[in-house]
1. Say we look at the stretch 184-214 and pick out the residues that are modelled with pLDDT under 85 and outside any loop (DSSP other than H, G, I, E, B); which of these is surrounded by the fewest Cβ atoms within 10 Å (Cβ to Cβ)?
2. Limited to the stretch 98-125, what total is found for residues that are over 34 Å from the mean Cα position of the chain (by Cα) and either in a helix (DSSP H, G or I) or surrounded by 10 or more Cβ atoms within 10 Å (Cβ to Cβ) (or both)?
3. Among the candidates 128, 74, which residue alone is more than 30 Å from residue 157 (Cβ to Cβ) and either in contact (Cβ under 8 Å) with a residue 60 or more places away in the chain or loosely packed, with under 11 Cβ neighbours inside 10 Å (or both)?
4. For the stretch 23-64, what are the residues that are open to solvent by 90 Å² or more (accessible area, probe 1.4 Å) and not aliphatic (A, V, I, L, M)?
5. Counting only residues that are closer than 25 Å to residue 160 by Cα and of a type in the set (D, E, K, R), which one in the stretch 109-135 is modelled with the lowest pLDDT?
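The values are calculated or read from the model by the stated rules, or taken from the named source; none is laboratory data. Predicted model only: the values in this text are computed from it and were never measured. Cβ: placed from backbone, ideal geometry, glycine included. Neighbour counts: every protein chain shown. Side chains included, ligands, DNA and RNA excluded: accessible areas come from the protein's heavy atoms. Shrake-Rupley method; radii C 1.70, N 1.55, O 1.52, S 1.80 Å.
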Amino acid sequence: MTRNNSSSGPPGDPHPEVPRGVIARFRNYFLTGLIVAGPVAITLYLTWWFVNWVDNLVRPFVPITYRPETYLPFGVPGSGLIVAVFALTMLGFLTANLIGRTLVDFGEKILGRMPVVRAIYRGLKQVFETLFSGSGSSLRKVGLVEFPSPGMWSIVLISQVPSANVAERLPGQEEHISVFLPCAPNPTTGFFFYVPKSKVVEVDMSTEEAATLIMSAGVVQPNSDQQKKLAALADMANTARAANDSALTPETAKAD
């Protein structure tokens, strides 16, 4: 009696493996899903964290009678944020009139007499007025400077020209400008220094694009078309499909 070895294959052959094309397709589909879901999940998480942070900050100032959880069996996320936005809007409205400006000036005079608080308040006020003023141009231009050594270029945010007492102390006759060099991957930290204006190369790029470029360590380049990203994902899927077809073709020929 002869034993039928047609199903067992030649001696020494390993077990049939999953075609490489299937693994490649699974990997590409997984990465595509990660690319789509990752930014959405992180954005929702940060938004939820910010809303809860504002709620916890504002809730102690809201009387219990006016809290939604007093009348509902659950809390309402974002109620503190709504109160904060309304309170800041009303504060801006009251400050715009004569009585409000008088009260603000009176409070600033009191803070101006405190040795340590005075410096902190004036510095923060100047920063907020510069960043949130509609006509301000500080930190809204992006440039390149040679840093940390010649031939190596870094992204910087262009700020204002130095004050007169600082400008007259800077060496040379050339006009200087102050710049902020963000660090990767956290663009809120970095270096501030004065550099000759001729050494700064302005770049047609928004501050949001510069922050994205720095946080991604150059992986996400500015001015990238969304259609190109979708086309790249489609090419990944087509490549995986072609690899799967090429892996399954020899098996079909052997069966014939």
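1. Only one residue fits best here, namely 208.
2. So in the stretch 98-125, the residues over 34 Å from the mean Cα position of the chain (by Cα) come out as 98-115.
Applying the additional criterion that residues be either in a helix (DSSP H, G or I) or surrounded by 10 or more Cβ atoms within 10 Å (Cβ to Cβ) (or both) yields 98-112, 114-115.
Counting residues in the stretch 98-125 that are over 34 Å from the mean Cα position of the chain (by Cα) and either in a helix (DSSP H, G or I) or surrounded by 10 or more Cβ atoms within 10 Å (Cβ to Cβ) (or both) gives 17.
3. Values: 128 fails: more than 30 Å from residue 157 (Cβ to Cβ).
When all the criteria are applied, what remains is 74.
4. If the condition is that a residue be open to solvent by 90 Å² or more (accessible area, probe 1.4 Å) and not aliphatic (A, V, I, L, M), then 26, 27, 29, 30, 45, 48, 49, 50, 53, 56, 60, 61 are the ones that fit.
5. The residue in question is 129.
Yes or no, residue by residue, for (1) within 28 Å of residue 30 (Cβ to Cβ); (2) surrounded by 14 or more Cβ atoms within 10 Å (Cβ to Cβ); (3) out of contact with any His (no Cβ under 8 Å at 6 or more places or on another chain); (4) modelled with pLDDT of 80 or more:
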| site | (1), (2), (3), (4) |
| --- | --- |
| 162 | no, yes, no, yes |
| 182 | no, yes, yes, yes |
| 216 | yes, no, yes, no |
| 226 | yes, no, yes, no |
| 231 | yes, no, yes, no |
| 236 | yes, yes, yes, no |
